[in-house]
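**Student:** Please find one structure pasted underneath; my questions will follow.
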Amino acid sequence: MSSTPLRPDLALIARTVASGARVLDVGCGDGALMAALRDAKQVDARGLEIDAGNVAAAVSRGLSVVQGDADIDLAWYPDQSFDYAILSQTLQTTLRPDRVVEELLRIGRQAFVSFPNFAHWRGRLSLMWGGRMPVTRLLPDTWYDTLNIHHVTVDDFRALVKDRGWVIDGQWFLKGDRETTHANANLFAEHAVFLLRR
């Protein structure tokens, strides 16, 4: 889709988004996904990003990105104004993940949510045998230097979806850079991607 390969969860989302769709990418980083969708699928992509450096990088790619906070600024977007609202590797950094997903589902007809699975077996072993919070490729920061404030698991997210009555239109699980089976995803998947609707 682009000259630089997308992160595996973003590549999966990019494959699934329909051509010509209207997309809001919340926590869009430097706009890599938006640029890929624009260039390969003629998607009308907009972005919201909290980090000023990432906003500047995305704007320099010719993307429509504004600086803002998902916990506060999603309220300004009109109902059903996008085909897809995307939140990739940002859920666990928000103050109220449940409210942010609710906003995504208000703004978009469907919402992609991807997050690292904190119940992955390597993290469990790190806590059990070493007694310390894990540092991995997907969770590279130490406990005191991480943006992650909510440690969500696949099963936690599924329970939230069930409690709120949301519908899962798709779910994918990644082990390293490859998709893996749904079986025991809470234990074996390092990363999860869900496609939701109300």
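**Student:** Please compute the alpha carbon radius of gyration of the range 146-198, then divide it by the globular-protein estimate 2.2 N^0.38 Å. Two decimals is fine.
**Tutor:** That works out to 1.17 for the range 146-198.
**Student:** Per DSSP H run of n ≥ 4, the term is -39500 (n - 2.57); total these for the chain, divide by its residue number, and report the mean residue ellipticity at 222 nm rounded to 500 deg cm²/dmol.
**Tutor:** -8500 deg cm²/dmol
**Student:** Add +1 for every Lys or Arg and -1 for every Asp or Glu among the other residues with Cβ under 11 Å from the Cβ of Arg96, and state the total.
**Tutor:** -3
**Student:** Placing +1 at every Lys and Arg Cβ and -1 at every Asp and Glu Cβ, with all other atoms neutral, what dipole size does the range 8-197 have around its Cα centre, in debye to the nearest 20?
**Tutor:** Charge dipole, the range 8-197, about its Cα centre: 500 debye, nearest 20.
**Student:** Another question, if that's okay. How high is the relative contact order of the range 8-197, in percent, with contacts defined as C-alpha pairs under 8 Å that are six or more residues apart?
**Tutor:** This gives 19 percent for the range 8-197.
**Student:** With both partners inside the range 8-197, how many of the DSSP beta bridges are antiparallel, as a percent to the nearest 5?
**Tutor:** 45
**Student:** If you take the charge dipole of the chain about its Cα centre, with +1 on Lys and Arg Cβ and -1 on Asp and Glu Cβ, which of Leu147, Val23, Val167 is farthest toward its positive end?
**Tutor:** About the Cα centre, the residue reaching furthest to the positive side is Val167.
**Student:** Of all the C-alpha pairs in the range 63-104, what % are more than 16 Å from each other?
**Tutor:** Cα-Cα pairs of the range 63-104 separated by over 16 Å account for 34 percent.
Here, each number is a calculation from the coordinates, and none is a lab measurement. Treat the numbers as computed from the prediction; the structure is a model and nothing was measured. Note: ideal-geometry Cβ built from the backbone for every residue, glycine included; neighbour counts use all protein chains shown.
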